[in-house]
Amino acid sequence: MEDKPGYMIFHSMRKKLTPDIPLFPLAGILCLFLLGLFSSGCSCSRKYSYPDKNLEKNLHDLLMKESGIDTLVKRNGDTLGICFTVPKLYGSGRKTMPIVVDQFQDVMLCVRRVLMSTDSSVQFFQITVRGNDSGLEISMTRYVKDLKIFFLSCISLDDYSKRMVNNTYINLASQGKERIQRFFEDWGTKKPEALAAAHFTQGIFKNQDISSGFIASLWETTMKLNVKHEILDLRMRAADDKTYLFFCRVRETFDKKQGFQNFTFRNYSGMTQDFLIEISSVDYFRTLITKLYIKGEENTQWEYQKIEQTYGDPEQWRESDFFVINMNFKRFLAEQIAERIQIILGNREKEEKTKTSFLPRLSEIRGSFEDGTIKLLFIYSDFKKDVDTEDKNVAMETTKNVFELYRYRECKSVMIGTLTGSLSTYPIG
């Protein structure tokens, strides 16, 4: 089994990212007391260097001042997200590029500096790195309390380095922008059927996910010459890890074909319209338009307004955005456990040299928290219906170990299974 891309980057450089602070023999109660000082300010009138009100801006400005790194910073619930872009994520042999290590270290130091002196209620932080070369972005999510107890030398570097959740996503900010630019370039040069096949998901024209005015304008294109669509403004908002919303202000210019000089077109040449376009990843490296609304169109006015109510005024969105997980402690534990299990099993497979095919034995392990129970889904490359006994044993042992590390007692059982088979529940002793 191959390591997950995010894990390869973050763990290959983990000793460079955080200095190995010696572990002093502090009593557990002293550790908790010191953590309380950081969390509560010792009930005295402590002045915080980075108050919650301006946390995002202050962190962005600090990174620019200290390291010259232009980041995107935003919050989703209890999670603070930081995103930066590098020219390349990987070099030859899929080795981490030095610039990724260096900039990640700079970002991590600034994040730690801010979170150790703030009155913010942020519980998690997520650092996302995008590569211009691969169309991918990788993220690492950590628990703020883990950072604080490590800084106080209450846990070892090895323990701290494992307390994270890694994810790999499609860089929808970049790929979605490219999709929109190609779409408006093709609108007017391709036939309507070819345009629909190239840029839209199947069935979109049969439901209410597209403005009727756009469909009319699309067919009117066959009566025009020299059609051009100029994007005057382009902004975006991440809806989730697979879906981005784009606000586009577009000006259309054209000439009328011979025989249609007296035809009254829906749009006049030079007219400007505002579009809301939803872009979704349909497979690993392909994005398509899944919704398209025009501001002011009667048949999709309600859908446009719902987006405004949920995500704010599209005209005020950022020019670039990224997805931040709204993490909570139970989800963090479940995903961390799944990742630890996959790493342990992958390392064992390498040591035993049991790999017999190009594909990894385990494609993925998904961890979630449902109805008071940790749920672990094993996804095998050969679509097994049952979890191997060794894998189940590692899953149980790892879950118990993580619960013990966090002194977590609220979950009493674990559900283990596959996507196509049954789920079995096991008690945690």
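The values are calculated or read from the model by the stated rules, or taken from the named source; none is laboratory data. Computed from a prediction, not measured in an experiment: that's the story for all the values here. With ideal geometry, Cβ positions are generated from the backbone for all residues, glycine too; neighbour counts draw on all protein chains shown. Calculation scope for accessible area: heavy atoms of the full protein, side chains included, ligands and nucleic acids excluded. Shrake-Rupley method; radii C 1.70, N 1.55, O 1.52, S 1.80 Å.
Tell me, what HN-Hα J-couplings in whole Hz come from the Karplus equation 6.51 cos²θ - 1.76 cosθ + 1.60 at θ = phi - 60° for each residue of region 181-186, using x for Gly and Pro?
Result, ordered by residue: 5, 5, 4, 5, 5, 6 Hz.
With a point put 7 Å past each Cα toward its Cβ, work out how far Thr272 is from Asp371 in nm, to one decimal.
About 5.5 nm, to one decimal.
Quick check: from the Cα gyration tensor, does region 327-396 come out rounded (a/c under 1.5), prolate or oblate?
Numbers: a/c = 2.24, a/b = 1.88, b/c = 1.19.
Verdict is prolate for region 327-396.
Choose one answer from Arg235, Arg112, Arg266: the residue with the largest mean-square fluctuation in a GNM of the chain with alpha-carbon springs under 10 Å.
Answer for the Gaussian network model of the chain: Arg266.
Probe radius 1.4 Å, ligands and nucleic acids left out: which of Lys65, Lys306, Lys385 has the largest accessible area, and how do the rest follow?
Working: Lys65 165, Lys306 90, Lys385 130 Å².
Largest to smallest exposure gives the sequence Lys65, Lys385, Lys306.
Per residue, how many Å² of accessible area does region 99-204 show with a 1.4 Å probe?
On the way: 3510 Å² over 106 residues.
On a per-residue basis, 33 Å².
If ligands, DNA and RNA are left out, what is the accessible area of Lys412 with a 1.4 Å probe, given in Å² to the nearest 10?
In the full protein context, Lys412 sits at about 130 Å².
Among the lysines, which fall within straight-line cross-link reach of Lys95, defined as a Cα-Cα distance under 30 Å, with same-chain neighbours fewer than 8 residues apart omitted?
Within the straight-line cut-off, Lys95 pairs with Lys4, Lys15, Lys16, Lys65, Lys74, Lys162, Lys177, Lys242, Lys350, Lys353, Lys355.
Once the whole set of protein chains is in place, how much accessible area is left on Tyr284, using a 1.4 Å probe, in Å² to the nearest 10?
120
Given a cut-off of under 8 Å on Cα pairs at least six residues apart, what relative contact order in percent is computed for region 390-429?
Numbers: 27 pairs, mean separation 13.4, N = 40.
Relative contact order, region 390-429: 34 percent.
If you line up the long axis of helix 301-311 against the longest principal axis of the chain, both from Cα atoms, how many degrees apart are they, to the nearest 10?
30
At most 11 other Cβ atoms within 10 Å and a DSSP loop assignment: could you name the chymotrypsin sites (Phe, Trp or Tyr not before Pro) in region 338-412 that fit? List each step's numbers first, then the result.
Working: sites: Phe358, Phe369, Phe378, Tyr380, Phe383, Phe403, Tyr406, Tyr408; in loops: Phe358, Phe383, Tyr406, Tyr408.
Qualifying residues, ordered by number: Phe358, Phe383.
Using the Kirkwood radius over C-alpha pairs as Rh, can you work out the diffusion coefficient of the chain via Stokes-Einstein at 10 °C, viscosity 1.306 mPa s, in µm² per second? It would help to have the intermediate numbers written out before the result.
On the way: Rh = 24.6 Å.
Roughly 65 µm²/s, to the nearest whole number.
What FRET efficiency comes out for Phe329 versus Asp52 if R0 is 22 angstrom and r is the Cβ-Cβ distance? Round to the nearest 0.05.
Working: r = 20 Å, r/R0 = 0.90.
Computed FRET efficiency for Phe329 and Asp52: 0.65.
Could you compute the FRET efficiency for Thr310 and Asp388, with r as their C-beta to C-beta distance and R0 at 41 Å, rounded to 0.05? Spell out each step's value before the answer.
On the way: r = 43 Å, r/R0 = 1.05.
The formula returns an efficiency of 0.45 here.
Please report the carbon-and-sulfur percent of the accessible area for the chain; probe 1.4 Å, protein heavy atoms only, DNA, RNA and ligands left out. Write out the running numbers ahead of the final one.
On the way: 10630 of 21200 Å².
Carbon plus sulfur share of accessible area: 50 percent.
Rolling a 1.4 Å sphere over the protein heavy atoms, what is the accessible area per residue of region 321-387, to the nearest Å²?
Values: 3430 Å² over 67 residues.
Spelled out: the 1.4 Å probe surface of region 321-387, per residue, equals 51 Å².
Quick one: what are the phi-derived ³J(HN,Hα) couplings along region 245-259, Karplus 6.51/-1.76/1.60 with θ = phi - 60°, whole Hz, x for glycine and proline?
Working through the residues one at a time gives 10, 10, 9, 10, 9, 10, 10, 9, 10, 6, 10, 7, 5, 4, x Hz.
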